[in-house]
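Q: Let me begin by handing over the structure; questions about it come next.
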Amino acid sequence: MTPPAKTTSTLRIAVVGAGVAGSYLVSRLSGEHKVTCYERQKEKSFWPVCAWATSLHEMKSIAGNCGLSFQDYILHESRQMIVDIGKKLHIKSVGLCTFDKLSFEKDLHRGGDVRFGCDVRSPPNGGSFDLVVDATGFSRLLLPRPEKNYFIPSLEYKVRFREEPFDDFYIRPFAGLSGYFWYFPLGDRYAFVGAGDYRRNHEAQLNAFMSKHKGEVLMKIGRPIRITPPSMCQPFSVGNIVGVGEAIGTVYPLLGEGIIPSLQCAELLVQNIGDMQAYEEAVLRKFQIYTEALRFLSHRWRHGLGPMRSLPLLLKIFLHMKRNEKRYGLEMRLRDWLRVVGN
Ligand SMILES: Cc1cc2nc3c(=O)[nH]c(=O)nc-3n(C[C@H](O)[C@H](O)[C@H](O)COP(=O)(O)OP(=O)(O)OC[C@H]3O[C@@H](n4cnc5c(N)ncnc54)[C@H](O)[C@@H]3O)c2cc1C
C-alpha cells in the first residue's frame with residue numbers, strides 16, 4: 001500500500017466531481033484530512049459514463065491502495081482482442097478486462113462525505129476550503145479553459161444481446177485513425193457498444209452495427225473524450241484550486257483510455273498534496289508520452305502524413321507500450337502495430 005503524503009496539518013479539502021479520480025481521492029484522503037466531495041449527478045441515477053474497460057494488473061495495485069480487491073469487480077476477463085482492419089488481427093490480452101465501475105466508485109465513497117445533486121459552478125462554501133480539487137473530467141469547471149482543446153465525440157449503448165456478435169473484445173479502427181468502434185463484453189450477454197470519431201461519423205457507424213446485430217438497447221450515453229495531453233492543459237492549479245484526472249488531460253489519446261491514468265494522476269496528488277509545483281512536475285513527467293501520441297495523431301489528421309513519415313514517433317510510442325504491456329493489458333507486436341497505425 002502506498003503511504004499517504006506527509007503534511008504538517010489536517011487540510012479542509014473540497015473534491016468537485018465523484019468520477020473515478022474524485023472518488024479515489026475521497027477514499028485516499030478522508031482519513032487524514034477533512035474531505036467533502038460534491039457531485040452534480042443525483043445519487044439514485046449516478047452513472048460513470050465510460051465503457052468500463054481496463055487492465056487488471058494495474059487496477060489490482062490501485063484498488064489495493066484503497067483496501068479494495070479489484071478481482072471483486074471484474075465482469076469479463078479477455079483472452080484476446082480482435083482488431084478489425086479489414087483483416088482481423090488477434091491481439092493477446094495481458095489482463096484486459098471490463099469491470100463494474102459503478103460499484104467500484106460507490107465503494108470508494110464508503111465512509112467519505114459525498115454530496116450528490118450539487119452542480120458546482122464556483123469554489124464551494126465561499127472559499128472556506130484549504131484546497132479545492134477540480135475532478136470534473138471533461139467539464140473542467142473550475143480551472144481556466146486550455147488554449148487548445150482536442151476531443152473525440154463519442155456515443156455508447158449498453159446492450160443486451162440474445163446472441164452475442166462476439167465472445168470477447170472487438171474494435172474496428174476508422175480510416176486515418178480518426179477513432180474506432182468498440183464492443184466490450186460485460187458478461188451474461190450484456191455489452192457496451194460504442195464509437196468515437198474525431199470526424200464525427202461515430203453515430204452512423206454505431207447504428208449500422210446495431211441494425212445488423214440487433215440487441216436490446218438499455219441505455220444511450222456519451223460525451224466528448226478529452227485527448228488534449230496534460231502538457232497542453234496547463235495551468236493545473238490556480239490559487240487553491242487544483243485539477244486532477246481528465247480535467248487536466250490524463251487520457252491516452254490513441255485509445256481514449258482514461259481510467260488508469262486518472263487514478264494514477266489522483267495518486268500523484270495524494271503524494272504531493274502539500275506541494276503543487278512538485279505535483280505539476282510529476283504529472284508532466286508521468287504523461288509525457290501523451291504529448292507524443294497527440295502529435296502523431298495530429299500529423300495524420302491535420303497534415304495527412306502517412307505513418308512512415310512519423311516513424312521515429314511511432315517507434316517511441318510502440319516501445320513505451322511494449323515496455324508496459326501489463327499496464328495497457330495487451331501484447332504488443334511491432335507487425336500488428338504497424339498494420340493498425342497504417343490503417
Ligand atoms: C463513452 C466513453 C467510453 C469510455 N471508455 C473508457 C474505457 O473503456 N476505459 C478507459 O480507461 N477510459 C474510458 N473512457 C475515458 C474515461 O471514462 C475517463 O477519462 C475517466 O473516467 C476520467 O475520470 P475523471 O474522474 O477525471 O472524470 P469523470 O469520470 O468524467 O468524472 C467527472 C465527474 O464530475 C462530475 N461533474 C461534472 N461537472 C460537475 C459539476 N459542475 N459539479 C459537480 N460535479 C460535476 C461528473 O458528473 C462526473 O461524475 C471513456 C469515456 C467515454 C466518454
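Q: Computing the accessible area with a 1.4 Å probe over protein heavy atoms, can you report the carbon and sulfur percentage for the stretch 42-97?
A: 50 percent
Q: Which peptide among 108-114, 237-243 comes first, and what is the full order, when sorted by highest mean count of other Cβ atoms within 10 Å?
A: Highest-to-lowest ranking by the protection proxy: 237-243, 108-114.
Q: Given the convex hull of the Cα atoms of the stretch 211-272, what is a quarter of its surface area in nm²?
A: Mean projected area for the stretch 211-272: 6.4 nm², to one decimal.
Q: Take every Cα pair under 8 Å in the chain that's 6+ residues apart, average their separations, divide by the length, and report that relative contact order as a whole percent.
A: Averaging sequence separation for qualifying contacts and normalising by length gives 21 percent for the chain.
Q: List the residues whose amide H sits under 5 Å from the amide H of Gln80, counting only those 5 or more places along or on another chain, with H placed 1.01 Å from N in the peptide plane.
A: The answer is Ser93, Phe169.
Q: For the stretch 171-279, just say rounded, prolate or oblate: build the C-alpha gyration tensor, square-root its eigenvalues into a ≥ b ≥ c, call rounded for a/c under 1.5, and beyond that prolate if a/b exceeds b/c, oblate if not.
A: In terms of gyration-tensor shape, prolate.
Q: Which value in deg cm²/dmol, rounded to the nearest 500, describes the helix-derived mean residue ellipticity at 222 nm for the chain, given -39,500 (n - 2.57) per DSSP H run of n ≥ 4 and division by the residue count?
A: Calculated at 222 nm, the ellipticity per residue is -9000 deg cm²/dmol.
Q: By average Cβ neighbour count within 10 Å, what is the ranking of 173-179, 247-253 from highest down?
A: The peptides rank, most packed first, as 247-253, 173-179.
Q: Report the Cα-based extents of the stretch 126-237 along its three principal axes, largest first, to the nearest Å.
A: Largest first, the stretch 126-237 extends 54, 34, 20 Å along its Cα principal axes.
Q: Rg (Å, one decimal) plus Dmax (Å, integer) for the alpha carbons of the stretch 7-100?
A: Spelled out, the Cα radius of gyration and Dmax of the stretch 7-100 are 17.4, 59 Å.
Q: Give the Rg (one decimal place) followed by the Dmax (whole number) of the chain, computed from C-alpha coordinates and expressed in Å.
A: Computed over the Cα atoms of the chain, radius of gyration and Dmax are 19.7, 61 Å.
Q: Highest first, please rank the peptides 18-31, 127-140 by the mean number of other Cβ atoms sitting within 10 Å of their residues.
A: Ranked by mean Cβ neighbours within 10 Å, highest first: 18-31, 127-140.
Q: Leaving ligands, DNA and RNA out of it, rank Tyr170, Tyr180 by accessible area with a 1.4 Å probe, largest first.
A: Descending accessible area places them as Tyr180, Tyr170.
Q: Let me make sure I get this right: for the stretch 296-343, a, b and c are the square roots of the gyration tensor eigenvalues over alpha carbons, sorted descending. Under 1.5 in a/c it's rounded, otherwise prolate if a/b > b/c, else oblate. Which is it?
A: prolate
Q: Looking only at GluC sites (Glu not before Pro) in DSSP loops with at most 11 other Cβ atoms within 10 Å, what is the longest site-free stretch of the chain?
A: 164-343
Q: A further question follows. Return the Cα extents of the stretch 50-203 along principal axes one, two and three, sorted largest first, each rounded to a whole Å.
A: So the three principal-axis extents are 58, 39, 28 Å.
Q: Could you give me the ³J(HN,Hα) list for the stretch 246-251, computed from phi with Karplus coefficients 6.51, -1.76, 1.60 and θ = phi - 60°, whole Hz, x at Gly and Pro?
A: Karplus values, whole Hz, x for Gly and Pro: 4, 4, 10, x, 8, 10.
The values are calculated or read from the model by the stated rules, or taken from the named source; none is laboratory data. Bear in mind that the values here come from a model prediction, so they are computed numbers and not experimental data. Heads up, the Cβs are rebuilt from the backbone with ideal geometry, glycines too, and the neighbour counts pull from every protein chain shown. Accessible surface is based on the protein model in full, side chains and every heavy atom, while ligands, DNA and RNA are left aside. Shrake-Rupley method; radii C 1.70, N 1.55, O 1.52, S 1.80 Å.
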